[in-house]
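Read the structure below first, then the notes.
The values are calculated or read from the model by the stated rules, or taken from the named source; none is laboratory data. On a predicted model such as this, the values are computed, not experimentally measured, just so you know. With ideal geometry, Cβ positions are generated from the backbone for all residues, glycine too; neighbour counts draw on all protein chains shown.
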Amino acid sequence: MIRSIRAMALLLGALAAAPAGAQTLRIGMKAAVDGSDPHQSYSPNRNVQMQVYESLTFQNSFLQPEPGLAESWRVVDDNTWEFKLRPNVRFHDGSPLTVEDIAFSIERARNATGLRTYGPAVRAVTGVEKVNDTTLLIRTSGPTPLLPAYLTSIMIVRAALAEGATEEDFNGGRAAVGTGPYRWVRFNQGADVTLERAPNYWGTPEPWERVVYRFIPVDSARIAALLAADVDVVDAVPPGLYARVRSDARSRLVTDTAAFNNYAYIDSGREVSTFVTGPDGQPLNPNPLRDVRVRQALSMALNRAALSERAMEGGAVPSNQIAPPGFNGHDPSLPPLAYDPARARALLAEAGYPQGFGLTIHCTSNRFAGDARVCQAVGQMLTAIGIRTEVEAIPTAIFFRRGAFGGPNRTPEFSVSLSMFATTTGMATEGMTSIIRTYDPQRAHGASNRGRYSDSVLDGLLTQAETQLDDAQRQATTFAAVRRAMDQMAIIPIFFVQSAWGMSRNITLVPRGDQYTMATGIRRTP
């Protein structure tokens, strides 16, 4: 991954000046976009939307904040940030960007309802005040040092069009009006999205006149479309097809480590867990997964190198914490997680389970290449330490319906499940707040805490990290929170997935940690 923003800017600047050739960029995308409302959180949608709408702060390739619609920002006091806006920014319909549009967008995002929203990103915001046409103040309920990173998630819409707008208004284009380099033109549900270059964009005009995202969910069909020159770029190339892309004279492959971490989620919140059983096949009471020694044993049973190289066919790298190298909150001092089956068996004995117990693990069967294969391999590794493991690999839609939870008294059904997770900010603190912080819907904590893990020590460290304005202190506290989570095995990280793109030989692409395939990072070579 390009680690220098200056290097990336020089690369794109040089290529932007090159002759564009054909002005339509065709991208083959594995996942289908299902809407244009930028305040509903869904990764495939955001991939496209970030080129139509913009936020106060943009993200670099490691998802860290940099100037966007706001040229600069500063802390005024413990509860106030000041943002200076770019001058002369206009929406696609020609109307000027105003502070009122920004205030409306933040409020709309905070109050959005649905399965996935960006409300947690602005949970601390209490108000937006206009100083003048290019200056605004954002008030918060307390010190919020990570606000610029949180605001990367909040896209700005035109208030006059978005107020009261329906899903159809966005998808049909009436309300899908942003300030980005491309404008929303056409949306065929389940088929494709077409964008066109915005004529009044405030920045350097994009070389592509038109960008078409085609949804091609079958991996082999997507690669075939690339090699037949039906598309210029494809995403989500599975490791098993790397060689096919690399060996063809018409195409090339770009890979990089993504922010997506494949975890084992552990049901440590319930006294009795449905799929943890004794010799009689009945759920054990108490639930063994509540014992840290059992969770540590599960971790030590896993040969992460083998899972990454063999089960994932080289499409992953072992994980030992929440965020990968280069991302906010990655602690480089943490050693790799040990693979030690003998010690794992000893820990089970210490915890009172010398003969192990029965366990069913659940995973997706079609979310990413190798997910079911990884699940089977994990099951075999757990069985090898005495945990009699069965594997249930199920389609993604069913997995998330069964693994989700809605209210304060409802818990997911799984005992141990394998799934990927990454936050839109890429920050370890946000990841921990979502997946292992004590569930508290009023504070937007634990939104994806499927195991109902709860640890007052971790909660306290995360609260400190969220409120420390001193960068060095905040990093030290973040590292302490990461180490606490790993010591307790709140979740069990397995590997970071590799992103992989195939493209025509005359195309270059800047990889991003969120795996997005954005036209703004794609250029035709001279």
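Just a few scattered comments:
- Condition met for residue 376 (over 27 Å from the mean Cα position of the chain (by Cα) and modelled with pLDDT of 90 or more): no
- Conditions (1) free of Cβ contacts under 8 Å to residues at least 60 places away in the same chain; (2) assigned by TED's automatic domain parsing to the domain that holds residue 323; (3) more than 27 Å from the chain's Cα centre (by Cα): number failed by residue 224: (2)
- Single residue of segment 133-187 satisfying the filter (within 14 Å of residue 83 (Cα to Cα) and more than 24 Å from the chain's Cα centre (by Cα)) that is surrounded by the fewest Cβ atoms within 10 Å (Cβ to Cβ): 133
- Scope segment 438-453; condition closer than 15 Å to residue 119 by Cα and not acidic (Asp, Glu); matching residues: 441, 442, 443, 444, 445, 446, 447, 448
- Unique residue being closer than 28 Å to residue 31 by Cα and surrounded by fewer than 19 Cβ atoms within 10 Å (Cβ to Cβ) when the list is 271, 196, 206: 196
- Which numbered condition residue 205 fails, given (1) touching a helix residue (DSSP H, G or I) at 6+ places or on another chain (Cβ under 7 Å); (2) not in a strand (DSSP E or B): (1)
- Cβ-Cβ under 7 Å pairs, at least 6 apart or on other chains, segment 102-129 side without any contact (Cβ under 8 Å) to a residue 40 or more places away in the chain and closer than 18 Å to residue 57 by Cβ, far side of a type in the set (Phe, Trp, Tyr) and surrounded by 19 or more Cβ atoms within 10 Å (Cβ to Cβ): 122/150
- Some residue of segment 411-422 being among the small types (Gly, Ala, Ser) and modelled with pLDDT under 90: yes
- Subset of segment 76-95 (residues that are of a type outside the set (Val, Ile, Thr) and surrounded by 13 or more Cβ atoms within 10 Å (Cβ to Cβ)): 79, 81, 82, 83, 84, 85, 86, 90, 91, 92, 95
- Scanning segment 345-380 for residues that are part of a helix (DSSP H, G or I) and touching a helix residue (DSSP H, G or I) at 6+ places or on another chain (Cβ under 6 Å) turns up 347, 348, 350, 373, 374, 377.
- Criterion (within 24 Å of residue 59 (Cβ to Cβ), in contact (Cβ under 8 Å) with a residue 40 or more places away in the chain, surrounded by fewer than 18 Cβ atoms within 10 Å (Cβ to Cβ) and assigned by TED's automatic domain parsing to the domain that holds residue 418) met by exactly one of 433, 478, 467: 467
- Residues of segment 425-458 that are under 18 Å from residue 486 (Cα atoms) and out of contact with any strand residue (DSSP E or B) (no Cβ under 8 Å at 6 or more places or on another chain): 427, 428, 429, 430, 432, 449, 452, 454, 455, 456, 457, 458.
- The set of residues in segment 211-257 being over 25 Å from residue 187 (Cα atoms) and assigned to a loop (DSSP other than H, G, I, E, B) consists of 238, 248, 249, 250.
- Enumerated strands (runs of 3 or more DSSP E) restricted to segment 1-92, each holding at least 3 residues that are in the same structural domain as residue 106 (by TED's automatic domain parsing), of a type outside the set (Ser, Thr, Tyr) and modelled with pLDDT of 90 or more: 24-29, 65-67, 70-77, 80-85
- Looking across segment 275-289, the residues that are farther than 21 Å from residue 438 by Cα and assigned to a loop (DSSP other than H, G, I, E, B) come down to 275, 278, 279, 280, 281, 282, 284, 285.
- Of all residues in segment 294-310, none satisfies being small (Gly, Ala, Ser), over 15 Å from residue 386 (Cβ atoms) and more than 25 Å from the chain's Cα centre (by Cα).
- Among the residues examined, residue 473 does not qualify as closer than 30 Å to residue 205 by Cβ and polar (S, T, N, Q).
- Meeting the requirement of 2 or more residues that are closer than 30 Å to residue 477 by Cβ and hydrophobic (A, V, I, L, M, F, W, C), the helices (runs of 4 or more DSSP H) wholly within segment 103-184 are 147-150.
- Restricting 126, 140 to those that are under 25 Å from residue 463 (Cα atoms), touching a helix residue (DSSP H, G or I) at 6+ places or on another chain (Cβ under 8 Å) and either of a type in the set (Val, Ile, Thr) or in the same structural domain as residue 423 (by TED's automatic domain parsing) (or both) reduces the list to 140.
- Unique match (being touching a strand residue (DSSP E or B) at 6+ places or on another chain (Cβ under 9 Å), surrounded by fewer than 17 Cβ atoms within 10 Å (Cβ to Cβ) and modelled with pLDDT of 95 or more) among 229, 264: 229
- Restricted to segment 42-60, and to residues there that are hydroxyl-bearing (Ser, Thr, Tyr) and buried (at least 20 other Cβ atoms within 10 Å of the Cβ), the residue that is farthest from residue 197 (Cα to Cα) is 57.
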